[in-house]
Amino acid sequence: MVTPVIGDLQGTVMTAMRSIHIPTANDLALKAAVDSMLDSIVVEVGQQHEGAAANAAFRGGYAVLIVAPAGAGKTQALRRMLAERPEFKPREDGSRPIHSTVAPSPFTLSTLGNKLARELGYQTNRVIREAQVWPLVHSLLADRGVRIVHIDEAQHADQMRDMTSIQKVESTLKGLMQAAGWPIWLILSGLPELKRFCQEDPSMNRRVRVVEFPTLAFPDDVTAVRKTVEQFGLLASFIDCKTVMTDDVVHRLMHGALYQYGIITEMVQDAIGECARTGDKVLTEIHFAEAYGARTNAPDEQNPFLSPYFKRIDVSKALYVEEVDEDGKPTGRRSLRGRK
């Protein structure tokens, strides 16, 4: 008979694990992209302040696209990086050089513009027309000293199907980046379809840099996954987290997480939390199986930690949920099922 751990040990372990960040190659790519962007801002703003010669080339801002499938960990990595960078700390008046928002869904140029205007402090109960709201947004950004706008879930713009609307979005963002008096730099994060942004406009294409979080592969990334488990295990030193991590278990973990690093870290945390809850001293496949089942409600035969044929299991059916609109009709899009 299993004796549960007395007290809130599971909660303590889970809180500790969720509070740490284990750096990966993706963090280095993010850092390099942001370093380059900040260098660009220094050069462009410096030219403006110093009154550059008339023949000096004005480049303006550009966009960095952070793209990855759901569950890769891009949102958490980007959020942590933006919070830790000293360049983005609040000024004495409370303002910051970067403004972050989430793209609205359903997406239109007007809804995004009105959302930004309200977040930047413009108070109104009416919807400002598209042609008026974007000059207002640029003015508000300049007034508040914002140089970088981060838009998460930017792939929502892909909801627009007609080319005219898509071109208007690209033209509007291009206008922000090219504004001579106060150019804006953009960080757009989202799903892989975001890579289509500005591909049809050569003048915009050169203003776009892409940072893509790669999907993990077996056996190439076995060592990285095993090290992640060991790092979390240090926070639960009373549990043996190393013995279980054979190549087979790591493969099952990677497959069960769609080979996405963000989902892998959550499953590892949940499995260690399950081990702590039951009072076990050794992490096993059963703890991973219980954590996966709690998250997905998948039957045993569809649980990659229990089935001998785990590579045949389409885990996306368990990990994703179909999105519906306000009327309950399928939208054709899927979102990642959250932890329970």
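In the stretch 13-27, of all residues being in a loop (DSSP other than H, G, I, E, B) and in contact (Cβ under 8 Å) with a residue 24 or more places away in the chain, the one that is surrounded by the most Cβ atoms within 10 Å (Cβ to Cβ) corresponds to Thr24. Going by the structure shown, is Ala131 loosely packed, with under 14 Cβ neighbours inside 10 Å, within 23 Å of the chain's Cα centre (by Cα) and at pLDDT 90 or above? No.
On inspection, Val133 fails the criterion of being within 21 Å of Met37 (Cβ to Cβ), in a helix (DSSP H, G or I), β-branched (Val, Ile, Thr) and touching a Gly at 6+ places or on another chain (Cβ under 8 Å). Scanning the stretch 57-83 for residues that are of a type in the set (D, E, K, R) and assigned to a helix (DSSP H, G or I) yields Lys74, Arg79, Arg80.
Return the total of residues in the stretch 82-97 being surrounded by 17 or more Cβ atoms within 10 Å (Cβ to Cβ) and either over 26 Å from Asp35 (Cβ atoms) or among the aliphatic types (A, V, I, L, M) (or both).
We begin by selecting, within the stretch 82-97, every residue surrounded by 17 or more Cβ atoms within 10 Å (Cβ to Cβ); these are 82, 88, 96-97.
After this cut, where a residue has to be either over 26 Å from Asp35 (Cβ atoms) or among the aliphatic types (A, V, I, L, M) (or both) as well, the list is 82.
Result for the stretch 82-97: 1.
Which helices (runs of 4 or more DSSP H) sit wholly inside the stretch 171-286 and have at least 1 residues that are among the charged types (D, E, K, R) and surrounded by fewer than 20 Cβ atoms within 10 Å (Cβ to Cβ)?
Of the helices (runs of 4 or more DSSP H) lying wholly inside the stretch 171-286, those with at least 1 residues that are among the charged types (D, E, K, R) and surrounded by fewer than 20 Cβ atoms within 10 Å (Cβ to Cβ) span 222-233, 247-256, 261-278.
The values are calculated or read from the model by the stated rules, or taken from the named source; none is laboratory data. Only a predicted model underlies this, so the values are computations on that prediction, with no experimental measurement involved. Counting neighbours? That spans all protein chains shown, and the Cβs are built from the backbone with ideal geometry, glycine included.
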